[in-house]
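Worksheet: one structure, shown below.
None of the figures in this text is laboratory data; all of them are computed from the coordinates on show. Keep in mind the model is a prediction, meaning the values are calculated, not measured. Cβ placement follows ideal geometry from the backbone for every residue including glycine, while neighbour counts extend to all protein chains displayed.
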Amino acid sequence: MSNHSPISKDALENVVTEVLAATPFIDVHTHLFAPELGSLGLWGIDELLTYHYLEAELFRFNPLQPEAYWAMTKSQQADVIWKTLFVENPPLSEACRGVVASMHLLGLDPNAATLAQAREFFRAQNLPEYIGKVFKLAGISSAVMTNDILDPAEAPQWSKGGPRDPRFHAALRLDRILNQFSAHATALDAQGYKVEASGGGKSMSEVRRFLGDWVKRAQPVYMAVSLDDTFFYPLGDLRTKLFREAVLPACRDAGIPMSLMIGVRRQVNPAIRLAGDASGVADLRALENLCRDFPENRFLVSLLSRENQHELCVYARKFANMMPFGCWWFLNNPSLVEEITRERMEMLGPSFIPQHSDARILEQVIYKWRNTRRTMAPLLANTYRLLIEDGRNVTRQDVERDVARLFRGNFEQFVGMKASAAR
């Protein structure tokens, strides 16, 4: 059948599934790191099992107290999670099933009683080559990192120079600047940027200069910040001043978007550390004000609350400088991904970015992108089926164009990356 021939309704899902499998996606938001950044990158079975999603589940099934768990070594923690969630109980949750899928696709036995085989497998891997294997299994060509430029463990890694792995793109994470500026002003001052903890004096121009210098060094595709559910703009506070006078001007200087990830409630249960964060409903008039007041800036937006998703679509229809992306964190479950993506498709057509992995551990991209393709295939097929029933032909070329746009082109165009022929 020609790529230009109409697809029958009966063949739609097969065609969509084939195109999704053949299209290499760009993972637009992860917490992965290029090999050049050393031990910051997390991978392997112990890291996969001690991910904070699984730690939260552990404490639901096992009477082990958090303080006893934190006193264990990483391998001991992985062993207790494996025994509790995979041996003594069926791994039915999304996070557990993801480990099963990743192990299976890597040729490991997810039914094993111990982790001995898995640990031997990972000890034998050469990281740069292994990354290529994982990306191929995940069906992605590249990933965007999260680079905290005030992290004392990360910032020095960038001064080493040398070639950069082209599979990884930088993104400057500004949480310490926008959310905790007073606490981190001394770190900026120590690097030769004359800032004051109060934000006074030349602080705004110096922060703008600092960001400009990091843009030259890291060549990021966007800047980013994670914001709590109470975030609002504008207020008479330091964060508003930083947005208005430093961060958004720096984004314009560089010609890159600002990514806003809104809705986290930090440490509702601090005893379980990273697993202790929750979500809340945000006031999206903050987005309205930012998109309206800064029409020359572009905003990538992901929201943590399910309740905010429809309103986000409404605002995206009003502001072309806003790009909704992904189903973040607690929303990255197939039932919610399907609901949110269908709503976006109905309201925005293919003018959004359906998903990102948010992967913190390398192997997570395998199951997260497998799930995305599995969820997207019937959803897209049904969208095209309705279009055919309403009188419009759909061809394989149409499907290829739309899938490439959703999972590559929209991002490349919005952030100003040069489109690549990655098929």
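Are any of the residues in segment 361-379 under 28 Å from C251 (Cα atoms) and in contact with a strand residue (DSSP E or B) (Cβ under 9 Å, 6 or more places away or on another chain)?
No, because not a single residue in segment 361-379 is under 28 Å from C251 (Cα atoms) and in contact with a strand residue (DSSP E or B) (Cβ under 9 Å, 6 or more places away or on another chain).
Can you say whether C327 is in a loop (DSSP other than H, G, I, E, B), within 17 Å of V301 (Cα to Cα) and free of Cβ contacts under 8 Å to residues at least 40 places away in the same chain, as far as the supplied structure shows?
yes
The conditions are (1) closer than 28 Å to V134 by Cβ; (2) β-branched (V, I, T); (3) out of contact with any Asp or Glu (no Cβ under 9 Å at 6 or more places or on another chain); (4) in contact (Cβ under 8 Å) with a residue 40 or more places away in the chain, and V247 fails exactly one of them. Which is it?
(1)
If I go through segment 136-175 residue by residue, how many of them are part of a helix (DSSP H, G or I) and in contact with a strand residue (DSSP E or B) (Cβ under 7 Å, 6 or more places away or on another chain)?
Within segment 136-175, residues that are part of a helix (DSSP H, G or I) and in contact with a strand residue (DSSP E or B) (Cβ under 7 Å, 6 or more places away or on another chain) number 1.
Given the conditions (1) over 30 Å from R392 (Cα atoms); (2) buried (at least 20 other Cβ atoms within 10 Å of the Cβ); (3) out of contact with any Cys (no Cβ under 9 Å at 6 or more places or on another chain), report the number of the one that I7 does not fulfil.
Single failed check for I7: (1).
Filter segment 220-241 down to the residues that are under 15 Å from the mean Cα position of the chain (by Cα) and in a strand (DSSP E or B), then identify the one that is surrounded by the most Cβ atoms within 10 Å (Cβ to Cβ).
Here the residue is M223.
Tally the residues that are surrounded by 15 or more Cβ atoms within 10 Å (Cβ to Cβ), among the charged types (D, E, K, R) and over 25 Å from M261 (Cα atoms), restricting the search to segment 175-195.
Total satisfying the criteria: 1.
Go through segment 63-95 and count every residue that is touching an Asp or Glu at 6+ places or on another chain (Cβ under 7 Å), within 21 Å of R370 (Cα to Cα) and surrounded by 18 or more Cβ atoms within 10 Å (Cβ to Cβ).
The qualifying residues number 1.
If we only count helices (runs of 4 or more DSSP H) wholly inside segment 2-117, which ones have 3 or more residues that are among the polar types (S, T, N, Q)?
74-81
Only one of R217, R244, R292 is assigned to a helix (DSSP H, G or I), within 23 Å of the chain's Cα centre (by Cα) and surrounded by fewer than 18 Cβ atoms within 10 Å (Cβ to Cβ). Can you tell me which?
The conditions single out R217.
Only residues in segment 103-118 that are within 17 Å of S75 (Cβ to Cβ) count as the first member; pair them with residues that are part of a loop (DSSP other than H, G, I, E, B), Cβ under 7 angstrom, at least 6 apart or cross-chain, and list the lot.
Hits for this filter: M103/P110; Q117/L108; Q117/D109; A118/L108.
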